[in-house]
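Inspection log for the structure reproduced underneath, given as structure tokens.
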Amino acid sequence: MRETIIRKVSVQSIGIVAALCMVGNYNPIGFAYFAALYLEKGQRLIAFPLIFAVIVASMPAIPAMKYLLAIMTYAVVAGFIEARNGKLKKYPAGFLAALCITMIQCAGAMMTKNPRYELISGILEGVLVFTLFQIFHIGIHGILTKRKNDPFSNEETIVIGLFFGMFLYSLKGQQLFTIAVGPVSMYLGILLLAYRYGIGMGAMVGAACGLVMTLWHGEGSILGMLCALGIAAGIFRTLGRLGSISGFLISVWILGSLYSPFLLEKDNIMGATLASLLFLLLPQSMAVRFEDGKRIMPDSNIEEKKGRIIELAESFKALARSIGRFHTQNDLSFAAAVQLTETAALLEDMTQEMGEYQNRSKQETLITRALERARIEVRYVRILKQQNGRERIQIEMRSTGGRIITVREAISYISKGYGNKVRACSDGKTIINNEYAIYGFVEEPNFMVLHGTSGITKTGETISGDNFSCTELMEGQLLMGIVDGMGSGNEASEDSEEIIELLEDLLKAGYEEETALRLVNSVLLGKENGEASTAVDLAITDLYSGKCSFYKSGAAATFIKRNQWVEVMKSTSLPIGVLKEVDYESAYKKLYDGDYIIMVSDGVLEAFSGENKEEELGRLLMDIHTKNPKDMADELLEAVQKSSGEEITDDMTILITGIWKRVA
């Protein structure tokens, strides 16, 4: 909040300076600055009366009326254009400003004795207004939208230097260019800006001051001398404020002795000395080098991190090879070797993703600027590519002014900067307060889902041996699965629960589906009793594309219902935990708006007495017309129970997930 106020006060203060920069009875600088500032809608309410008042107070009545009429005409026409087109762009706005001042000047010329001179003056002033408008717009926009501690671009640096030159010129025009104001302001500005932003800014501010001084004194060497002083102050800034002051004063003495005696005149020596003293006494918050306050991005040493991760991955692979030599004698060593190998592969994948973080600075800057307009202070923005190919936006930010903002409110600004609609990650905070915190956002998926389950235990048992999952692995990627433990009761339930949770953890950690199945298989092989085989049925849906991947290891058939059509996917694979190399089958399907995925455990199909169990279940699904997945699962279970008779011979679990196109 404080920084935003400073930015707004700065551009309005420059407006006062611009309005004071008159050349005789002409003031193209003030009018061009007003026109450029008018494009920033949040500044209009103050800029209009402020510049209006300064022109009236500082100019003769007739010239003042000309510029006031130009200001009013420009504001009215610009408002009319915005009402019709929504926004007035930079070049058309500059042309409009030039046209306004030229037409008013030409209209006034017709009432003079020498209209030719006034007509030429009007045309030349219009050209100058157009040029100054484009220059001022760069500086104004940079000051208002520049991210905290970001450097100014080359163009912005030039305009900032020009603004400082305008400040000096306005002082001279008001007879305030005395030892107390003029030279002190000039040298203090050179020292302060060169110290903060370096050699480039020092050179530009010095050149701008030199240009003004040259116009007044008629000596061309002054421009080069002041430019050199700005460079000297920037060169020695690494030694701190004393170093910068020392380099500056030594340069004043050397350049004044050898090239420009003007620098050693009494007023300038006193001005340079007093400016140096004031610069030394400025509070730390005002005199700070840009790089001292710059935020360090968490990935600034990314190459070093990647190297360390690769070394760790190689160590894991070497250890896996050593352990793997004994796997024929010990299944536990085989399981450990598999897990180490897969972990090494995952680490190598991570280094590739870290490399994909590069070249996102433009989007990150746009997001930061959008949030800062909403008075949200941003420490950093990172855009990271996830394993599913989608990007995750990570932002460390806080609110300002003691406000509490919901994450939902911030999403519109982030979406605008990112260029696509985003949503908050499901594991993040819901409010933004005045303490820095990290928030995650992802692109809004194209599909939404709703799931429902229904189940019953085997007759005589109180605990089902089946367990299921329907959870988000990473943003936009949904896991659906049923794990059917061996048998029924408490032991089977514990086994299936352990497997489904382990699969969730592995997949959320970024392991590929095949890798996760292999790791779970190795864990089951290492159990002491050797009888922990389990049927696994997984479906992983990408909610951006609608593509669904199915993985079945000893599992019952899965069904896809679409309108009045049902597709069956059968499997002949063995459960995991039976063979050293996991046996599984996979399939890929494209899902569409209104589709349902129906997953069942073995007990559901075993309830049918005929040979075509899948076809019978498919016919039952065709007869169900409810749209709610939970109601559909309950209705299907009730129909299956009627087919099975009074006794339930195996645990039954039904998991149904519906997918729908998200409405924009």
Share of carbon and sulfur in the accessible heavy-atom surface of the stretch 549-608 [1.4 Å probe, %]: 50
Run the simple label-point estimate for Gln363 and Ser545 please: 7 Å along Cα→C-beta, distance reported in nm. 1.7
At 7 Å along the Cα-to-beta-carbon direction for both Asn25 and Lys642, put a label point, then send me their distance in nm to one decimal. 10.0
Please report how far the C-alpha centroid of the stretch 1-62 lies from that of the stretch 448-482, rounded to the nearest whole angstrom. 66
Probe 1.4 Å, all protein chains in place: accessible area of Lys458 in Å², nearest 10? 80
Quick one: divide the alpha-carbon radius of gyration of the stretch 503-601 by 2.2 N^0.38 Å and tell me what you get. 1.16
Accessible area in square angstrom per residue, the stretch 6-155, 1.4 angstrom probe: 49
Extension gain, Leu239 back to Glu504 (0.36 nm per residue minus Cα-Cα distance, nm): 89.9 nm
Sequence-distant residues sharing a close amide H with Ala437 (under 5 Å, placed H): Met397
Expressed in square angstrom to the nearest 10, the accessible area of Tyr584 with a 1.4 Å probe stands at 60
Once you've got the Cα coordinates, tell me which of Lys570/Lys661; Lys458/Lys547; Lys385/Lys580; Lys421/Lys547; Lys41/Lys661; Lys552/Lys661 are over 29 Å apart. Lys458/Lys547; Lys385/Lys580; Lys41/Lys661
For the stretch 2-98, the percent of accessible surface on carbon and sulfur atoms (probe 1.4 angstrom, ligands and nucleic acids excluded) is 72
Looks like the stretch 571-664, by Cα gyration tensor root eigenvalues a ≥ b ≥ c and the a/c under 1.5 rounded cutoff (else prolate when a/b is bigger than b/c, oblate otherwise), is oblate
On full extension of the chain, what length is gained from Ser121 through Val56, given 0.36 nm per residue of separation minus the C-alpha to C-alpha distance? 21.3 nm
So, in Å, what gap is there between the alpha-carbon centers of the stretch 367-425 and the stretch 498-522? 32
Specify whether the C-alpha gyration tensor of the stretch 407-474 places it in the rounded, prolate or oblate class, a ≥ b ≥ c being the square roots of the eigenvalues: rounded for a/c under 1.5, otherwise prolate if a/b is larger than b/c and oblate if not. prolate
Scalar couplings 3J(HN,Hα) for the stretch 21-28 by Karplus 6.51 cos²θ - 1.76 cosθ + 1.60 (θ = phi - 60°), nearest whole Hz, x for Gly and Pro, are 8, 9, 10, x, 9, 10, 9, x
In nm, the gap between the two label points placed 7 Å beyond Cα toward Cβ at Ser426 and Glu265 is 7.5
A student applying the Cα gyration tensor rule (rounded when a/c is under 1.5; otherwise prolate if a/b is larger than b/c, oblate if not) would label the stretch 1-150 prolate
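The values are calculated or read from the model by the stated rules, or taken from the named source; none is laboratory data. Just so we're clear, the structure is a prediction, and the values are computed from it rather than from any experiment. Cβ coordinates were reconstructed from backbone atoms using ideal geometry, including for glycine residues, and neighbour counts include every protein chain displayed. Each accessible area value is taken on the protein alone, full model and side chains, heavy atoms only, with ligands, DNA and RNA left out. Shrake-Rupley method; radii C 1.70, N 1.55, O 1.52, S 1.80 Å.
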